[in-house]
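Here is the structure we will look at.
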Amino acid sequence: MRIHDLDPENRPRERLLLYGASSLSPAELLAIILRSGSKNLNIIDTCHEIIAAYGLERLADLQLSELQKIRGIGPAKAMQISAIFELNKRIHFRKNNNRKILSARDVSEYMAGRIPDETKEHLFVLHLNTKNRVIRHDIVSVGTLNASLIHPREVFKSAIRESAHAIILVHNHPSGDVEPSNADRQVTEILKKAGAILQIELLDHVIVGKENWFSFREHSLL
């Protein structure tokens, strides 16, 4: 069935005009963006299939080549999908720029969408000013955290340059298990001592998973 064969009250564009975007399902919102379906499948059915197969979160991470493997999605539609999720990420980043950090939850929310490849561990350093606002963040290392490979110089170099008042370490565990390893504890202790010497306090070390986090400070390990 084509979109034009639906009753007007069931067409996404008409419903959006009458009731607003919040009244539409994710598949209907995506259908409005993509506009037209294929010869054998209307755009609403295409979008229902896409979201049922991948979910919105997974869909946001698909590459153009992966999107084009979906039935009814060619290069143009793949680029539209990629563009809309990229815009959403940038809105999120802009809202979180210069964010004030008051808890590990704030750190986790700040990091959402900023880890370039969640199948690998990344160690980030957040630089904070005297009001605990993030003024910059850097990736220090990629790969399993190892105390012998993480030199305080690399962690504090940009913090000194930016005149940061304090720093927060953040790294992800691809497994989703946020319990700190022995290496995590060793790295934290080394950098805590280095920060004390440099008078740039290590406020926290936060390990993030897909849906939860672990804070060294909140567990009294700092």
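DSSP assigns beta bridges within segment 104-219; of those with both partners inside it, close to 70 percent run antiparallel. Summarising the overall dimensions of segment 158-222 from its C-alpha atoms, the Rg and Dmax are 12.3, 35 angstrom.
In a simple Cβ point-charge model (Lys, Arg +1; Asp, Glu -1; nothing else charged), the chain has a dipole of about 760 debye relative to its Cα centre.
Here LYS210 is the anchor, and the lysines within straight C-alpha reach of less than 24 Å, apart from those fewer than 8 places off in the same chain, are LYS89, LYS95, LYS100, LYS120. Annotation: the chain has a Kirkwood hydrodynamic radius of 20.0 angstrom, from the mean reciprocal C-alpha pair distance. Compute the distance from the alpha-carbon center of segment 26-91 to that of segment 169-210, in whole Å. After rounding, the separation between the Cα centres reads 37 Å. In the assembled protein chains, THR188 presents an accessible area of approximately 0 Å² (probe radius 1.4 Å). Probing with 1.4 Å while keeping every protein chain in the model, the per residue accessible area of the chain equals 59 Å².
Taking θ as phi - 60° and the Karplus parameters 6.51, -1.76 and 1.60, the scalar couplings of segment 212-222 work out to 9, 7, 10, 10, 4, 5, 5, 9, 6, 9, 10 Hz in sequence order, x denoting glycine and proline. Summing charges over all other residues whose Cβ lies under 11 Å from the Cβ of THR188, with Lys and Arg as +1 and Asp and Glu as -1, gives +1.
Two tests apply to each whole DSSP H helix in the chain, Cα reach of 27 Å or more along its axis and mean Kyte-Doolittle hydropathy of at least -1.0, and the ones passing both are 75-96.
For segment 104-219, the square roots a ≥ b ≥ c of the C-alpha gyration tensor eigenvalues yield an a/c of 1.5 or more together with a/b exceeding b/c, which makes the shape prolate.
The values are calculated or read from the model by the stated rules, or taken from the named source; none is laboratory data. None of the values given here were measured: they were computed from a predicted structure. Neighbour counts are summed over all protein chains in view; Cβ atoms, including those assigned to glycine, are modelled from backbone coordinates with ideal geometry. Note: areas computed on protein heavy atoms with side chains; ligands, DNA, RNA excluded. Shrake-Rupley method; radii C 1.70, N 1.55, O 1.52, S 1.80 Å.
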